[in-house]
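Enquirer: I am attaching a structure below and will ask some questions about it afterwards.
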Amino acid sequence: MKIAIGSDHRGFPLKEAIKTRLEASGHQMIDVGTFSTESADYPDFAIKAAEQVASASCRFGVMIDGAGVGSAIVANKVPGVRAVNGTDSFIVGNSRRHNDTNLLTLGSEVIGPGKAMDLVDQWLNTPYEGGRHQSRLDKVDALEHRYSLDFKGVAMIVRDMISSVLNPAGATGAADRSQARRSVVTLESVKGMTAKELAVTRGTIVTPAASDYLKDKGIQLVYR
């Protein structure tokens, strides 16, 4: 399995120990730094680990700082990342079974190396249960999409706005777009829909205006 790993200066010794352990277990480790105990800022490395996970370059990510809290905050700013600060066995196991977490943060000044190793092993080997938990994660995704808008999304919105001005009737008319696969869903792209569901892939951005329109029309977002 391909796993991203990072730390700040306080987490560096533990990062090296965990990396060595996981490599010995056959995992491919992508070390995003830091690479010494010289003072370093955790956001610089937490974002790198999170981006590896969000881009699907790595299946999971592990980030270590002093308490684990700051890195979790940073990682959870990245759409598609569900980070947990692993402090004990219950939290780590629950986060995988119920929340499908994909990035684990640890505090080198909170837990010792032995416990940290055990938590990493437990986290990596605990499967997501799905089922009733999936509908809850879908709601989390919808909130994330509502408040996330990347540069690509902005470009597509501008394109749609220009298209609507040049071609008021719309290139696709009011055809059923229930199976649309978009990286961004805008108001213009959903106007005139007749279906009761709009299927989108995880990572799709839904603009606030589009989200409000779908709710008003009783159209449900379904994440595939």
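The values are calculated or read from the model by the stated rules, or taken from the named source; none is laboratory data. What you see is a predicted model; the values in this text were computed from it and never measured. Backbone-built Cβ (ideal geometry, glycine too); neighbour counts: all protein chains shown.
Enquirer: Being among the β-branched types (V, I, T), more than 14 Å from the chain's Cα centre (by Cα), buried (at least 24 other Cβ atoms within 10 Å of the Cβ) and at pLDDT 95 or above is the requirement here; does I64 meet it? Spell out how you get there, then give the answer.
Expert: Values: among the β-branched types (V, I, T): yes; more than 14 Å from the chain's Cα centre (by Cα): yes; buried (at least 24 other Cβ atoms within 10 Å of the Cβ): yes; at pLDDT 95 or above: yes.
For I64, the condition - among the β-branched types (V, I, T), more than 14 Å from the chain's Cα centre (by Cα), buried (at least 24 other Cβ atoms within 10 Å of the Cβ) and at pLDDT 95 or above - is met.
Enquirer: A follow-up question, please. Kindly list the number of the only condition in (1) aliphatic (A, V, I, L, M); (2) in a loop (DSSP other than H, G, I, E, B); (3) within 19 Å of the chain's Cα centre (by Cα) that fails for A142.
Expert: Evaluating A142 over (1) aliphatic (A, V, I, L, M); (2) in a loop (DSSP other than H, G, I, E, B); (3) within 19 Å of the chain's Cα centre (by Cα) leaves (2) as the failure.
Enquirer: Using beta carbons and a limit of 8 Å, which pairs, at least six apart or on different chains, have the first residue in the stretch 25-46 and surrounded by 13 or more Cβ atoms within 10 Å (Cβ to Cβ) and modelled with pLDDT of 95 or more and the second one in a strand (DSSP E or B) and among the β-branched types (V, I, T)?
Expert: From the stretch 25-46, the pairs are H27/I3; M29/I3; M29/I5; I30/I3; I30/I5; D31/I5; V32/I5; A46/T105.
Enquirer: Let me ask another. For the stretch 116-147, how many residues meet the condition of being at pLDDT below 95 and farther than 18 Å from D100 by Cβ?
Expert: Looking only at that region, the number is 2.
Enquirer: Separate question: For K15, which of the numbered conditions (1) within 20 Å of N102 (Cβ to Cβ); (2) charged (D, E, K, R); (3) out of contact with any Ser or Thr (no Cβ under 6 Å at 6 or more places or on another chain) fails to hold?
Expert: The failed condition is (3).
Enquirer: List every residue pair whose Cβ atoms sit under 6 Å apart, with the two residues 6 or more apart in sequence or on different chains, where the first one lies in the stretch 1-21 and is polar (S, T, N, Q) and the second, anywhere, is part of a strand (DSSP E or B) and buried (at least 24 other Cβ atoms within 10 Å of the Cβ).
Expert: S7/I64
Enquirer: Just give me the residues in the stretch 7-24 being of a type in the set (A, V, I, L, M) and either at pLDDT below 95 or closer than 13 Å to I64 by Cβ (or both), in sequence order.
Expert: The answer is L14, A17, I18, L22.
Enquirer: While we're looking at this one, here's another question. Keeping to the stretch 1-39, report how many residues are in a loop (DSSP other than H, G, I, E, B), under 18 Å from V110 (Cα atoms) and among the small types (G, A, S). Steps first, please.
Expert: Initially, the stretch 1-39 is screened for residues in a loop (DSSP other than H, G, I, E, B), giving 1, 8-11, 25-27, 32-39.
Remaining after also requiring under 18 Å from V110 (Cα atoms): 8-11, 37.
Going one step further and asking which of them are among the small types (G, A, S), we end up with 11.
Going through the stretch 1-39 one residue at a time, the tally reaches 1.
Enquirer: Condition test on A56, is it aliphatic (A, V, I, L, M) and buried (at least 18 other Cβ atoms within 10 Å of the Cβ)?
Expert: Numbers: aliphatic (A, V, I, L, M): yes; buried (at least 18 other Cβ atoms within 10 Å of the Cβ): no.
The answer is no for A56.
Enquirer: Within the stretch 79-88, is even one residue assigned to a helix (DSSP H, G or I) and either touching a residue at least 12 places away in the same chain (Cβ under 8 Å) or among the hydroxyl-bearing types (S, T, Y) (or both)? Give the derivation first.
Expert: Filtering the stretch 79-88 down to residues assigned to a helix (DSSP H, G or I) leaves none.
Checked the stretch 79-88: no residue is assigned to a helix (DSSP H, G or I) and either touching a residue at least 12 places away in the same chain (Cβ under 8 Å) or among the hydroxyl-bearing types (S, T, Y) (or both).
Enquirer: Another question, if that's okay. Checking the condition in a helix (DSSP H, G or I) and in contact with a helix residue (DSSP H, G or I) (Cβ under 7 Å, 6 or more places away or on another chain), which residue from G70, G114 passes?
Expert: Working: G114 fails: in contact with a helix residue (DSSP H, G or I) (Cβ under 7 Å, 6 or more places away or on another chain).
Every option except G70 fails the conditions.
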